[in-house]
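Working notes for the structure below.
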Amino acid sequence: MKFSPSLFEVNGLNFERQGNLVLKGATFRILPGEYCAIIGPNGGGKTTLVRLLLGLEKATSGEIKLFGVPQKRFRDWNRIGYVPQRSALVDSTFPATVREVVAMGRYARRGILGFESAEDKESILEAMELMGVADLSDRLIGNLSGGQRQRVMIARALASKPDVLIVDEPNTGVDVESQHRFYELLRILNRTKKMSILFITHDIGVIAEDITRVLFVNQTLLVSQNPAEMTRCDEMSRLYGTPAHVVSHNH
Amino acid sequence: MIYEMLDYPFMQRAFIAGLMIAILASLSGSFIVLRRYSLLSETLAHVSLVGVSVGLLLGMSPLWMAVLASLAASWMIEYLRSVHGMYSDSVLAIFLSGSLALAIVIVSMAGSFNASLFSYLFGSILSVSTEDLWVMGIFGSLAMVLLLAFFKELYFIAFDEDVARAGGIRVTLLNFMLVSVIAVIIALSIRVVGTLLIGALMVIPPVAAIRFGMGFYPTTLLSIAIALISVVIGLSASYLFSLPSGAAIVLCLLIIFIIALLVNRR
């Protein structure tokens with residue numbers, strides 16, 4: 001039997017910022033193929049947790065393994081696609097076409113002085129077509145709408161052919177229709193392309209039917225493999241400490 | 001007239017140095033402009049002046065001393081910004097005023113090299129020696145190789161530093177490399193453009209090119225073309241009208257920038 005390691009394995013993770021505890025004793029695993037929602041109140045440590053996984057912040061203590069490899073020795077960063085918070089809010093004058101931005105997703109694979117290979121070109125085109133931005137290829141990123149920019153940023157993450165996609169509250173400045181298209185796309189990526197997804201969101205009701213695991217982060221971490229129970233209004237209200245309403249949507 | 005001008009060895013040296021600097025300054029300048037770090041060139045130029053002053057005071061090569069001072073300052077600036085998390089503009093302001101103060105003190109201590117210092121401040125086509133050309137050729141080639149080798153990574157970092165880092169690009173190392181390359185380019189430029197004006201050759205070409213609303217690669221090529229045209233016209237004007245070369249080059253850049261603004265009123 002082929003052994004398939006966890007995508008992420010986190011043990012006793014602590015993180016302090018300027019003496020203040022942000023994350024305490026986080027322990028969890030994410031398995032291949034999972035669709036995991038990370039929820040919690042603002043300032044609870046959701047983004048910090050993702051940044052710790054990606055090595056953008058240094059943990060105070062604890063252990064992180066990526067694809068079974070300790071984070072310090074991990075080199076295959078192109079296996080992880082990352083779409084950060086507010087990524088759609090780019091400088092409107094930045095000289096970058098849609099294709100140039102999507103091509104960035106391949107840079108880590110190309111190495112020093114590496115020119116674009118046929119495989120690079122194919123992956124870039126495939127990612128643009130999947131996200132429906134191929135016809136915008138030569139347009140400047142700053143001239144696009146919020147929804148279009150969001151799709152370009154996801155195309156960039158997908159261009160590296162990642163095993164897992166991490167998306168951090170990507171819907172800032174994006175219209176409702178684009179948001180629904182976005183949720184549908186995540187579902188397709190997870191179900192059809194078998195891509196694992198870690199999704200930081202406040203809008204858990206929209207994806208309640210798709211998710212396989214919920215991480216509730218509010219300094220400490222609560223892991224649930226029973227999303228249906230976790231997304232009940234009374235449970236959410238208890239966790240957030242304030243009346244919460246979960247709005248579910250039909251796909 | 002042009003052929004006559006190029007008959008003079010000092011003009012040949014000035015043109016070779018000027019064209020080399022135009023390519024290097026505008027290429028590296030694209031990255032600092034996009035990262036809103038334009039004041040870096042101005043600050044390192046002032047630090048170079050400290051090196052020049054020390055060199056003139058101690059009878060050592062002002063060019064070498066400028067390279068050393070500029071490199072040391074670039075590393076300290078990047079260290080304070082990236083490791084200590086200090087605001088970029090604050091760090092640059094401290095180094096800019098601090099280095100100018102230090103240069104003024106050194107100049108006033110010596111007192112006797114003001115005429116020589118003038119050429120370092122504003123550039124002089126008469127001052128480029130064959131030895132300077134060799135130094136520029138060696139360090140300029142090295143800077144060019146590094147910029148081209150890591151061109152796409154530097155572009156990614158300028159666009160989104162966090163995502164570049166998350167993608168496995170060695171952002172900290174490349175940031176140190178970029179400021180080092182810029183430090184060397186600035187120090188090498190002072191013979192032709194002068195310490196007080198090199199910032200313009202780094203910043204104005206990319207800013208003018210960005211106005212044309214193209215992708216990064218065509219923008220970079222246009223930026224280099226703008227720098228080359230300005231250097232050729234500026235050096236020629238410097239020869240014909242006995243103007244300081246740096247000032248003539250910067251005025252050409254300004255004219256092109258104004259044209260870019262008028263053509264692309266977005």
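For the range B:151-266, the normalised intensity computed at q = 0.10, 0.13, 0.23 Å⁻¹ comes to -0.37, -0.60, -1.22 (log10 of I(q)/I(0), Debye sum over alpha carbons, equal scatterers, no solvent). Per-residue ellipticity at 222 nm, computed for the protein assembly as shown from helices alone with -39500 (n - 2.57) per DSSP H run of at least four residues, works out to -18500 deg cm²/dmol.
Altogether, the Stokes-Einstein calculation at 10 °C and 1.306 mPa s, with the Kirkwood radius of chain B over Cα pairs as Rh, returns a diffusion coefficient of 85 µm²/s. Within the assembled protein chains, the solvent-accessible surface assigned to A:Lys121 is about 100 Å², based on a 1.4 Å probe.
Among the protein heavy atoms of the protein assembly as shown, carbon and sulfur supply 60% of the accessible surface, probe 1.4 Å, non-protein parts ignored.
Accessible area buried by the pairing of B and A, both sides summed with a 1.4 Å probe, works out to roughly 2300 Å². Residue-normalised convex hull volume from the C-alpha trace of the range A:5-49: 73 Å³ per residue.
When the alpha carbon gyration tensor of the range A:75-147 is reduced to an equivalent ellipsoid, its three semi-axes come out at 21, 15, 13 angstrom, largest first. Over the protein assembly as shown, the fraction of Cα-Cα pairs per 10 Å bin, rounded to whole percents and listed from the shortest bin up, is 4, 17, 24, 21, 15, 11, 6, 2, 0. As an exercise, use a Förster radius of 51 Å and the Cβ-Cβ distance of B:Ile104 and A:Glu209 to find the FRET efficiency, rounded to the nearest 0.05. FRET efficiency, B:Ile104 to A:Glu209: 0.15.
Counted residue by residue at 0.36 nm each, then reduced by the alpha carbon distance between them, the extension gain from A:Glu184 to A:Glu122 reaches 19.9 nm. When only alpha carbons of the range B:66-214 are considered, Rg and Dmax amount to 17.3, 55 Å. In summary, the helical segments of chain B meeting the span-like criteria, namely a full DSSP H run, a Cα extent along the axis of 24 angstrom or more and a mean Kyte-Doolittle hydropathy of at least 1.0, are B:9-34, B:39-58, B:88-110, B:130-149, B:171-189, B:216-241, B:245-263. Approximating the spin labels as points 7 Å out from Cα along Cα→Cβ, the B:Tyr8-to-B:Glu131 distance works out to 2.2 nm. Using a probe of 1.4 Å on the protein chains alone, the accessible area found for A:Thr60 is around 80 Å².
The values are calculated or read from the model by the stated rules, or taken from the named source; none is laboratory data. The structure presented is a predicted model; accordingly, all values stated were derived computationally and were not measured. Because the Cβ atoms are built from the backbone with ideal geometry, glycine has one as well, and the counts that use them run over all protein chains shown. For the accessible areas, the whole protein counts, side chains as well, though only heavy atoms, and no ligand, DNA or RNA atoms are used. Shrake-Rupley method; radii C 1.70, N 1.55, O 1.52, S 1.80 Å.
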